[in-house]
Amino acid sequence: MSGVPDENPSDLRRVRLRGERFDGGRLPIASLVELQKYQQIVQIAAEADWRREHPGEDLPEDFAESVALAIERIEDGSADVFLAYEQQHAYVQYQEDAQEAADAFLAAAYSDAPLPAPPLLDQAADREFREALSSLGASLQPDQSIEFYPVSTPSVPITISVETRGAAIEKLHRMEDFLVSADQAPVEGGLQTVEASVVGHVTAINAARKAFELTLDGGTVLPGVYQSADLLEDLRAVVDDAANGPLTRIIGDLRMRNGEPWRFRPATAVERVQFDDTAWGHRLTQFASLRPGWDGADAVQISSVALDGAQTLLRRIDDARLDRPGVFPTEEGGVLAEWGSSAAVSSVEVLPDGSFELFAVQREVRTGVHRVTINLAEAFQFVQELHS
């Protein structure tokens, strides 16, 4: 399985101009400036995205041309314009991400939602981006408006008018610190980038575009790109269909859209996740698929080291025919194996670093056992002594 469909946005970007001036599908030349401003916003965001991934490199000569927009068609009625990229074969991932960023900012500026984290820009590009956003709709008269229809929610337009522009411009310029450094947490909502990992099945690779697809539990397809040639070999080792391929953890910069994983830009590591075909193995597979915040709060992902340590311990428990524990993920990223009865409670928690926290207490006795070891044999002996 070697092909990934081109990340070619099939949906055109719809922009509708309303008002008597635009009746009958008329688009005055003077109004084209609004479409040019939107194109400028997208180009600034795309360039910032490219420079973030290619620090110190010169922007490709054809980059701006690739992210240029063209009027695909104009429908009757009010000037109902559908935009497409002039060139859809190059830098496609930056095109789509930039439009998402532009729409996220417009939607937040013209609503009560907080502004999302902006692209990582220098001071000059930040000012240019903000000014371009603020200048949208400057040519409008009181009876006119512009509706932008985001691809993500095509039926809900972002409406720009003389009446709504004032509050939006104030919101854009009220920000004390428009620049966001790489180590700051992004604002909730819209587009965000976080360092994270996701578990699924690698189902397609496009080596020419350095792209891949990760199919998640439930069938959602998460696209991604990579930069290292070594990563291509790792991906090739696990690519297959979702039914037969090995469970795989992809690590890297994960783009989130409205709180949900959207794509990897880029992926930095590939880890094959292998568990036994047992009840324990299936349980650990579920743990491996948990995303940050799986508890509805601040829980972190379960570490690969903890999962491996838990599997090895559980194998020994099964082989020795000892009492089976309940097995649970922990908010700190570990795995807890726990035994309980009316008389006593004992547990082995495999911590995120692979060490073992041993605990045992008799319910009617104040003292018990509580210690940490890095030795698997010691952890198993502790269980054996309590439950054999």
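Summary table below
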quantity: Overall dimensions of segment 304-387 by Cα: Rg and Dmax, Å; calculated: 12.1, 37
quantity: Calculated FRET efficiency for the pair Ala237/Glu75, C-beta based, R₀ 35 Å, to 0.05; calculated: 0.10
quantity: Choice from Val199, Val151, Val372 showing the highest fluctuation, given a GNM over the chain with Cα pairs closer than 10 Å; calculated: Val372
quantity: Helix-derived mean residue ellipticity, 222 nm - over the chain, DSSP H n ≥ 4, -39500 (n - 2.57), to 500; calculated: -9500 deg cm²/dmol
quantity: Length released on extending from Thr153 to Glu364, taking residue separation times 0.36 nm less the Cα-Cα span; calculated: 70.0 nm
quantity: Whole-Å distance, taken between Cα centres, linking segment 41-110 and segment 225-304; calculated: 29 Å
quantity: Residue list for segment 359-388, given a label point 7 angstrom along the Cα-to-Cβ vector of Glu332 and an amide N cut-off under 16 Å; calculated: 359-360, 370-375
quantity: Against the rule of thumb 2.2 N^0.38 Å, how large the Cα Rg of segment 191-274 comes out; calculated: 0.97
quantity: Inverse mean reciprocal Cα-Cα distance (Kirkwood Rh) of segment 251-368, Å; calculated: 15.9 Å
quantity: Average projection area in nm² (convex hull over Cα atoms of the chain, one quarter of hull surface); calculated: 24.3 nm²
quantity: Residues whose placed amide H lies under 5 Å from that of Ala269, excluding near-sequence neighbours; calculated: Ile251
quantity: Cα gyration tensor, segment 13-173 - rounded (a/c under 1.5), prolate or oblate; calculated: oblate
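Read the figures in this text as sums done on the coordinates, not as results from a lab. For clarity, every value in this text was computed on a predicted model and none was experimentally measured. Cβ: placed from backbone, ideal geometry, glycine included. Neighbour counts: every protein chain shown.
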